[in-house]
Amino acid sequence: MSRIARVSALRLKELAGQGPVDLIDVRTPVEFREVRAMNARNLPLDSLDPHAVMKERNGSSNDPLYVICRSGNRAAIACQMFINAGYNNVVNVDGGTEAWDESGMPVIRGNKIVSLDRQVRIAAGLLVLLGAALGILVSSHFIGLSAFVGAGLMFAGITDTCGMGLMLAKMPWNQVKGEGVSCCSH
């Protein structure tokens, strides 16, 4: 895994004051609609195609591409995807949209939603509780459900990728009706 360049929200604001910056937000369309950095465009991680993104930049693939998400984790994954595809001038925005907003940077706000991270915690907790309850009340074989979720959470923590999160991102309640999944704009 290559070392990913990082920038603080405040430094990115300074850079934006010197000229346009290309900022993509890799959260789900619904998360993007809730709150987003001014001038960010939405390209969800689950459908991100680094080659297509760079092709759309019309020859500016050598200029830095800044990547943001909620806290920085998904942006780091997206940056690594670009690096693996041969594009090294990608920069993760430290702390993501949370840091951007807390720094007093300009944001666009929409409707409040349940974040993808919270959805994962809710679903994982429900599955563990369900496995334990069914293991006690129905058959001890159901305890395997709790063990499977626990193993998945350990894998997510170790690899910094979350299969449940990627799956939940594709759910209808995490999509924006009337807009393409990868084309939400300002």
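Observations, loosely collected:
- Subset of the range 129-160 [exposed (fewer than 14 other Cβ atoms within 10 Å of the Cβ) and under 18 Å from the mean Cα position of the chain (by Cα)]: PHE155, GLY157, ILE158, THR159, ASP160
- Residue ID - farthest from GLY165 (Cα to Cα), chosen from residues in the range 48-65 that are touching a helix residue (DSSP H, G or I) at 6+ places or on another chain (Cβ under 9 Å) and assigned to a helix (DSSP H, G or I): MET54
For (1) under 21 Å from ASN42 (Cα atoms); (2) touching a Leu at 6+ places or on another chain (Cβ under 8 Å), each residue gets a yes or a no:
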{"position": "ILE77", "(1), (2)": "yes, yes"}
{"position": "PHE82", "(1), (2)": "yes, yes"}
{"position": "GLY95", "(1), (2)": "yes, no"}
{"position": "ASN111", "(1), (2)": "yes, no"}
{"position": "ALA132", "(1), (2)": "no, no"}
{"position": "ILE136", "(1), (2)": "no, no"}
{"position": "ALA147", "(1), (2)": "no, no"}
{"position": "GLY165", "(1), (2)": "yes, yes"}
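- Of everything in the range 21-50 that is surrounded by 19 or more Cβ atoms within 10 Å (Cβ to Cβ) and of a type in the set (Lys, Arg), the residue that is nearest to ILE83 (Cα to Cα) is ARG27.
Each row is one residue, and each column tells you yes or no for (1) out of contact with any helix residue (DSSP H, G or I) (no Cβ under 8 Å at 6 or more places or on another chain); (2) touching a residue at least 60 places away in the same chain (Cβ under 8 Å); (3) in a helix (DSSP H, G or I).
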{"position": "LEU10", "(1), (2), (3)": "yes, yes, yes"}
{"position": "GLY17", "(1), (2), (3)": "yes, no, yes"}
{"position": "VAL67", "(1), (2), (3)": "no, no, no"}
{"position": "ARG70", "(1), (2), (3)": "no, no, no"}
{"position": "ALA75", "(1), (2), (3)": "no, no, yes"}
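- Of all residue pairs spaced 6 or more apart or on separate chains, those with beta-carbon atoms under 7 Å, a first member in the range 78-101 that is in contact (Cβ under 8 Å) with a residue 60 or more places away in the chain and under 10 Å from ALA5 (Cβ atoms) and a second member that is surrounded by fewer than 23 Cβ atoms within 10 Å (Cβ to Cβ) and of a type in the set (Lys, Arg) are VAL91/ARG6; ASN92/ARG6.
- Check on ASP63, over 12 Å from ARG36 (Cα atoms) and acidic (Asp, Glu): yes
- Here the range 80-128 is the region considered, the condition is being among the β-branched types (Val, Ile, Thr) and closer than 21 Å to ASN174 by Cβ, and the residue that is surrounded by the most Cβ atoms within 10 Å (Cβ to Cβ) is THR97.
Laboratory data are not the source of any read-out in this text; all were calculated from the coordinates shown. None of these values were measured; they are calculated from a predicted model. All Cβ positions, glycine included, derive from the backbone under ideal geometry; neighbour counts span all protein chains shown.
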